[in-house]
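Colleague: Please read through the structure below; I'll follow up with questions.
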Amino acid sequence: MVKENQNIYLLNQEDIKGHNTFHLINCIINTIDLNGVFELNVHLVIENCIISNLKIHSCWFVNGLLLKNCIVRDYVDYQMGGHNRSPIIIEGNVFTSFFNFFDCQFESRIELNNNVFIKGTNLLGNKGEGFENSFVEGWSAENNVGRIDINEVEV
Amino acid sequence: MRDLQSQLAINDRDCDSCKTQADWDAYYQQARNTASMIGDNMDDVDWGFSERMSVVSDEDGHRIYYLDGEKMDLRQYSNRAHAFGSVFGEALLIEGGGRFLKFLSSFFKSGGDNVGLIFNKGVTESFTKHAFAGGRHADLGLSVETMASKGMNLVERNMHLLKAGDNTLIGNINGIQKSFKAFVQDGKVMSVNMYPGVSNRVTQGTTINFGNVTW
């Protein structure tokens, strides 16, 4: 499934389910709401989009996620996430607010490359806390602008 | 005012009239009403900042409230009168007669903010898979099934305190610091999490102290 060059107010689980892959390209999206969607069995690709609200609290991207060359405008609260059997790749995006990774258990790789985190993120922060993120197959983070090891849960 | 130790010493840690979950819900609602009447809110009470109300947890994790050192069991009229007496004075209680009792009855029937809040589909399964991964709560010495069941019960008992968005519940289980998360959206608890320790990081949303609980 491909959605291209559209203005989307709300995209949620109902729109995505039933597809093996779901590809959003060149869209302006007000809200992606995948809060509490455990076992999201879709390979989700979001590319060249402007997203106002990315709601992914407790979302498990089982078949992976590619978020590439997007602008994400609001605070992203990714708690209790991970549980991905395929990689989560976050590449070439601009996050204008803080990106909170809280107690995520990444079973496959997570890659953060070439992003701009204007207010930072805590993917590699909060060492020693009970909610520190864990990485079964490791992580990579290269050429990001902004701190990715902040010891906070919001900024 | 009696201190908590003397309250515990007389085996006063129970709500005699609370047999079902509905009883407990009503009991907590009545406690909130009482807090409101004396000019406090339940956050103050649960955090120990109220001068007149205090709280302890029983062995099942239920909260037992005390007003001026006396255990509250507001389903009995004498306790209701005590609570109202602190606001309206004993004379009004005597003179009000049936009209006052009618008012009293309607007051205590009022529902909480979160009446009807439910768990979203799959919450228990995801909680069980995520929260206990890697044996991170093995220090409690309990099976995953037991911890998952008791954890869900603990969140359910605090359901009336949850607000939309992120809720953090902190306290001690078997003397060990533990934290829970409950994320609420559209009238549903979308996810429940539990992690070791209690953090001093500033977090968004509501923080609830569930006290000391024995599992």
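The values are calculated or read from the model by the stated rules, or taken from the named source; none is laboratory data. This structure is a prediction, so every number in the text was calculated from the model and none was measured. Ideal geometry is used to build each Cβ from the backbone, glycine not excepted, and the neighbour counts take in all protein chains shown.
Colleague: Need a quick list: strands (runs of 3 or more DSSP E) entirely within region A:1-45 having at least 1 residues that are touching a Lys or Arg at 6+ places or on another chain (Cβ under 6 Å) and surrounded by 15 or more Cβ atoms within 10 Å (Cβ to Cβ).
Modeller: Those strands (runs of 3 or more DSSP E) span A:21-25, A:28-33.
Colleague: Right, A:GLU154: among the charged types (D, E, K, R) and either modelled with pLDDT of 95 or more or more than 18 Å from A:LYS55 (Cβ to Cβ) (or both) or not?
Modeller: No; evaluated as a whole, the condition is false for this residue.
Colleague: For region A:140-155, what are the residues that are aliphatic (A, V, I, L, M) and either within 12 Å of chain B (Cβ to nearest Cβ) or not in a strand (DSSP E or B) (or both)?
Modeller: A:ILE148, A:ILE150, A:VAL153, A:VAL155
Colleague: Filter region B:151-177 down to the residues that are closer than 17 Å to B:HIS130 by Cβ and away from chain A (no Cβ under 14 Å) and list them by number. Let's see the steps before the verdict.
Modeller: Step one: filter region B:151-177 for residues closer than 17 Å to B:HIS130 by Cβ, giving B:151-152, B:154-155, B:166-169.
Answer for region B:151-177, where residues must be closer than 17 Å to B:HIS130 by Cβ and away from chain A (no Cβ under 14 Å): B:MET152, B:LEU154.
Colleague: Of the conditions (1) closer than 17 Å to A:GLU129 by Cβ; (2) aromatic (Phe, Trp, Tyr); (3) within 8 Å of chain A (Cβ to nearest Cβ), B:PHE180 clears all except one; give me its number.
Modeller: Status for B:PHE180: all satisfied but (3).
Colleague: Now for a separate question. Only one of these is at pLDDT 95 or above and either within 11 Å of chain A (Cβ to nearest Cβ) or on the phi < 0 side of the Ramachandran plot (or both): B:SER110, B:SER106, B:SER126. Name it.
Modeller: B:SER126
Colleague: Looking at region B:118-142, which of its residues are out of contact with any Lys or Arg (no Cβ under 8 Å at 6 or more places or on another chain) and polar (S, T, N, Q)?
Modeller: Listed by number, the residues that qualify are B:THR124, B:SER126, B:THR128.
Colleague: If you don't mind, another one. Here are some conditions: (1) under 19 Å from B:ARG63 (Cβ atoms); (2) surrounded by fewer than 17 Cβ atoms within 10 Å (Cβ to Cβ). B:GLY165 meets all but one. Which one does it not meet?
Modeller: With respect to (1) under 19 Å from B:ARG63 (Cβ atoms); (2) surrounded by fewer than 17 Cβ atoms within 10 Å (Cβ to Cβ), B:GLY165 is out only on (1).
Colleague: Can you name the number of the only condition in (1) within 21 Å of the chain's Cα centre (by Cα); (2) more than 14 Å from every other protein chain (Cβ to nearest Cβ); (3) at negative phi that B:GLY116 fails?
Modeller: The failed condition is (3).
Colleague: Turning to a different aspect of this structure: Could you list, in sequence order, all residues of region A:51-74 that are within 10 Å of the chain's Cα centre (by Cα), within 13 Å of chain B (Cβ to nearest Cβ) and either aliphatic (A, V, I, L, M) or not in a loop (DSSP other than H, G, I, E, B) (or both)?
Modeller: A:LYS55, A:ILE56
Colleague: From the list B:ASN167, B:ASN153, which residue is part of a strand (DSSP E or B), outside the structural domain of B:MET42 (by TED's automatic domain parsing) and on the phi < 0 side of the Ramachandran plot?
Modeller: Testing whether each residue is part of a strand (DSSP E or B), outside the structural domain of B:MET42 (by TED's automatic domain parsing) and on the phi < 0 side of the Ramachandran plot leaves just B:ASN167.
Colleague: Continuing with the same structure: Condition first: surrounded by 13 or more Cβ atoms within 10 Å (Cβ to Cβ), farther than 24 Å from B:ILE173 by Cβ, touching a Cys at 6+ places or on another chain (Cβ under 9 Å) and at pLDDT 50 or above. Can you find one or more residues in region B:46-57 that meet it?
Modeller: The answer is no; no qualifying residue exists.
Colleague: Could you please give the count of residues in region A:75-92 that are in a loop (DSSP other than H, G, I, E, B) and crowded, with 22+ Cβ neighbours inside 10 Å?
Modeller: Start the filter on region A:75-92 by keeping residues that are in a loop (DSSP other than H, G, I, E, B), which leaves A:75, A:80-81, A:83-87, A:92.
Narrowing further to those that are crowded, with 22+ Cβ neighbours inside 10 Å: A:80-81, A:83-84.
The number of residues fulfilling the criteria is 4.
Colleague: Oh, and also: Taking region B:183-206, which residues are within 20 Å of B:HIS160 (Cα to Cα), surrounded by fewer than 15 Cβ atoms within 10 Å (Cβ to Cβ) and facing chain A (nearest Cβ under 8 Å)?
Modeller: B:GLN204
Colleague: Taking region A:100-110 as the search range and keeping residues that are within 14 Å of chain B (Cβ to nearest Cβ) and not in a strand (DSSP E or B), which one is surrounded by the fewest Cβ atoms within 10 Å (Cβ to Cβ)?
Modeller: A:GLU107
Colleague: Related question: Go through region B:129-150 and report how many residues are touching a Ser or Thr at 6+ places or on another chain (Cβ under 9 Å), within 14 Å of another protein chain (Cβ to nearest Cβ) and either buried (at least 21 other Cβ atoms within 10 Å of the Cβ) or without any contact (Cβ under 8 Å) to a residue 40 or more places away in the chain (or both).
Modeller: Final tally of qualifying residues: 3.
Matching residues to (1) polar (S, T, N, Q); (2) within 11 Å of another protein chain (Cβ to nearest Cβ); (3) without any contact (Cβ under 8 Å) to a residue 60 or more places away in the chain; (4) touching a Gly at 6+ places or on another chain (Cβ under 7 Å):
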site: A:TYR78; (1), (2), (3), (4): no, no, yes, no
site: A:GLY82; (1), (2), (3), (4): no, yes, yes, no
site: A:PHE98; (1), (2), (3), (4): no, yes, yes, yes
site: A:LEU112; (1), (2), (3), (4): no, no, yes, no
site: A:LEU123; (1), (2), (3), (4): no, no, yes, no
site: A:PHE131; (1), (2), (3), (4): no, yes, yes, no
site: A:GLY138; (1), (2), (3), (4): no, no, yes, no
